[in-house]
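The values are calculated or read from the model by the stated rules, or taken from the named source; none is laboratory data. Note that the structure is a prediction, hence the values are computed from the model and not measured. When we count neighbours, we look across all protein chains shown, and the Cβ atoms used for this are built from the backbone with ideal geometry, even at glycine.
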Amino acid sequence: MRIDSSKEDLRILSNVINNGSQVSERRRHGEAKLIVSALPIWAKGKIQGAVLMKQSGNRLLSLQYETLRRFMLLFLGVFLFLSIIILVFASRLTYRVGRLQRETEQATTDEGRLLRDNIRSGTRAADELGSLTRSISAMLQNLGQYTRYLEKLPDTLAHEMHNPLNVVNSSLENLQYSNQDLRDNKYFLRAQNGVQRLRSILTSLTEAASLKEALEQESDQFERFDLRQLVTSCVGGYQQVNIDRTIRIEALPGTFYVEGVPDRVAQLLDKLVDNAIRFSTVGDIVVQISLAHDLISLSVLNRGPTLPQDIEHRLFDPMVSSAKDAREAHLGLGLYVVRLIAEFHGGTVKAENRRDHSGVVVTVTLARAHSV
């Protein structure tokens, strides 16, 4: 119901005149909101009348609403701007971290070999991520220097040991020639055995050190040959040399053509069979050839101790061996040579325990060459 404004005005004026105090109130007149204020008029210490003022509150409310709306729009704009900035920063940071992760993972192979010694992305950045990138690059460079040192170590050792070995060997020969009674002396024989062991070590070191350069020179000598025929010929020779062991071949009938250097594949097989003979105790040495999805697998199986867990994933690295017999030279270069030759032919090599844990199987996988 609409309020009679005149009656309310008279009531407020009467209240002001009677009480002599200011009266303010808010009222609604239809759809309008009014702010009403009345003040007494004093003259000579007496109230001579009163003044009534009215102001519509809609304007004030609209100003409040407009102010609130502008504040909300400003707040939402600032919030959206900051959200976009944070999103862009987080996306860029995620991209940089992902790129750093990819380059770090690509710096080494699954076997732990170092492929690159620096990280290119983010090295010039001045933030913490740039500092981390530079630290990783420095670490990779140190690892690269140490890896190159290890790769050159066999050649350096062979070079340094060659001259002293010749001196010792010639001295023993002269001593034996001058004193024939030393021929059966156990200490003299022990010294000769030591010289032979040193020569074996030198041969292994020289072979491993020069193999990479030799393979690079033979990269244009690939030919197509039957792996089965090559393995059969080699196994026959192994059996003649090792008459106390049984070395046999297992392969399906047919031909197994591969592209490569036959002499190097034969060298690879020599190392695998020699390793199997050294570390086997009983049973036959089996050389298997199998085919699966245009990949030829050449495996050598033996029975004996299983792979030690501490070096199982490093068997094909240089200077890694599980041999504990001090009477023989086991530098851990045989399987390293196998890996180099396999990678030279675009293949892979792995070693694992046999399913019944009765021995070890080493498998070299090569691509099959299709018939012409």
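Does region 118-129 include one or more residues that are touching a residue at least 40 places away in the same chain (Cβ under 8 Å), within 17 Å of the chain's Cα centre (by Cα) and under 30 Å from residue 348 (Cβ atoms)? Looking through region 118-129, none of the residues is touching a residue at least 40 places away in the same chain (Cβ under 8 Å), within 17 Å of the chain's Cα centre (by Cα) and under 30 Å from residue 348 (Cβ atoms).
Specify which of the listed residues (47, 35) is modelled with pLDDT of 80 or more, more than 57 Å from the chain's Cα centre (by Cα) and part of a strand (DSSP E or B). Please lay out each step first, then the result.
Details: 35 fails: modelled with pLDDT of 80 or more.
Only one candidate qualifies: 47.
Here residue 296 fits the description: among the β-branched types (Val, Ile, Thr), touching a Lys or Arg at 6+ places or on another chain (Cβ under 8 Å), under 26 Å from residue 352 (Cα atoms) and surrounded by 13 or more Cβ atoms within 10 Å (Cβ to Cβ).
Does residue 60 qualify as being of a type in the set (A, V, I, L, M, F, W, C), surrounded by 11 or more Cβ atoms within 10 Å (Cβ to Cβ) and more than 30 Å from residue 139 (Cα to Cα)?
Numbers: of a type in the set (A, V, I, L, M, F, W, C): yes; surrounded by 11 or more Cβ atoms within 10 Å (Cβ to Cβ): yes; more than 30 Å from residue 139 (Cα to Cα): yes.
Considered against the rule, which asks whether it is of a type in the set (A, V, I, L, M, F, W, C), surrounded by 11 or more Cβ atoms within 10 Å (Cβ to Cβ) and more than 30 Å from residue 139 (Cα to Cα), residue 60 comes out as yes.
A residue that is in a helix (DSSP H, G or I) and not charged (D, E, K, R) occurs nowhere in region 109-118. Counting the residues of region 84-117 that are touching a residue at least 12 places away in the same chain (Cβ under 8 Å) and over 29 Å from residue 315 (Cβ atoms) gives 5. Give the residues of region 139-157 that are under 17 Å from the mean Cα position of the chain (by Cα) and among the aliphatic types (A, V, I, L, M), sorted by residue number. Scanning region 139-157 gives 139, 140, 143.
Could you tell me how many of the residues in region 16-29 are loosely packed, with under 15 Cβ neighbours inside 10 Å and closer than 12 Å to residue 39 by Cα? Walk me through how you get there before you give the answer.
First, pick out the residues of region 16-29 that are loosely packed, with under 15 Cβ neighbours inside 10 Å: 18-22, 24-26, 28.
With the extra rule that they be closer than 12 Å to residue 39 by Cα, the set shrinks to 18-22, 24.
Result for region 16-29: 6.
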